[in-house]
Amino acid sequence: RGLQPYTIINAQRKVTKDVVKSVTSTEDVAILKLHGPGVGFKPGILAQVTNTLDQNGINIKSVLTAQTAINILLARDHLDAAYAALKEHHLAGVVDVSRNDEVAIVAVVGDGVLEASDVGSAIASRALSAAIASGVRVTLAAAGASEVAAYMLVHQEDRKKALQAVHAEFFGA
């Protein structure tokens with residue numbers, strides 16, 4: 001009798017409800033928010049923002065837009081420089097620029113996280129529901145930008161509670 005492999009790596013891929021492989025977090029994140037009526041869909045505003053930040057050597061981790069806000073996720077140590085650059089730029093349509101460095105990202109990770117909803121799993125919804133049910137204050141949530149992750153931004157002091165709740169949802173206590 002020969003040895004039998006525990007894992008076989010090949011080109012075949014099957015997404016199941018057990019797609020989540022890990023729950024992770026980081027506190028190296030901050031939110032720079034641009035407020036204004038229609039700011040999320042007015043042509044040219046996002047291009048001006050990203051150009052200004054690029055000229056100042058600031059890397060953008062992610063952007064979440066809504067009709068009245070553009071939320072830019074940055075490394076925490078870039079927040080003050082980004083805030084100063086955009087405050088002085090005076091973008092048309094932007095009424096206010098605010099910053100929040102009291103957040104953390106909690107993410108569920110696994111190949112096919114988005115596709116898993118097709119098998120009745122709704123991974124992002126389960127993660128968000130678990131966090132909220134445990135009393136976590138969720139600031140933002142995103143799914144769809146990546147095939148392998150869905151994440152939420154939570155108050156920094158709720159990071160551990162969110163990790164525990166989401167981990168319990170997918171892997172048990």
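The values are calculated or read from the model by the stated rules, or taken from the named source; none is laboratory data. Keep in mind the model is a prediction, meaning the values are calculated, not measured. Quick reminder, even Gly has a Cβ in these numbers, built from the backbone with ideal geometry, and neighbours come from all protein chains shown. The protein model used for the area step is the full one, side chains on, heavy atoms only, and it has no ligands, DNA or RNA in it. Shrake-Rupley method; radii C 1.70, N 1.55, O 1.52, S 1.80 Å.
A few comments on the model shown:
- Taking all protein chains together and rolling a 1.4 Å probe, residue 126 ends up with roughly 70 Å² accessible.
- Estimated [θ] at 222 nm from DSSP helical runs (n ≥ 4, -39500 (n - 2.57)) normalised by residues in the chain, nearest 500: -8000 deg cm²/dmol
- List 153, 140, ordered by accessible area with a 1.4 Å probe, largest first: 140, 153
- Kirkwood-based Rg to Rh ratio, region 120-163, C-alpha trace: 0.96
- Total formal charge among the other residues, if their Cβ is under 14 angstrom from that of residue 34, Lys/Arg +1 and Asp/Glu -1: +2
- For the chain, the fraction of 1.4 Å probe accessible surface lying on carbon and sulfur atoms is 51 percent.
- Mean shadow area of the chain, taken as a quarter of the surface of its Cα convex hull (nm²): 13.4 nm²
- For the chain, the longest principal axis of the Cα atoms and the long axis of helix 79-89 meet at an angle of about 40 degrees.
- Annotation: aspartates and glutamates with alpha-carbon distance below 17 angstrom to residue 33 (same-chain offsets under eight excluded): 54, 77, 80, 88, 96, 101, 102.
- Around residue 66: net Lys/Arg minus Asp/Glu count, Cβ-Cβ under 15 Å: +1
- Eligible lysines near residue 21 by straight Cα distance, threshold 20 Å, same-chain separation 8 or greater: 160, 161
- Once the gyration tensor of the Cα atoms in region 75-153 is diagonalised, the equivalent ellipsoid follows with semi-axes of 31, 15, 12 Å, ordered largest first.
- Cα gyration tensor shape of region 22-89, rounded if a/c is under 1.5, else prolate or oblate by comparing a/b with b/c: oblate
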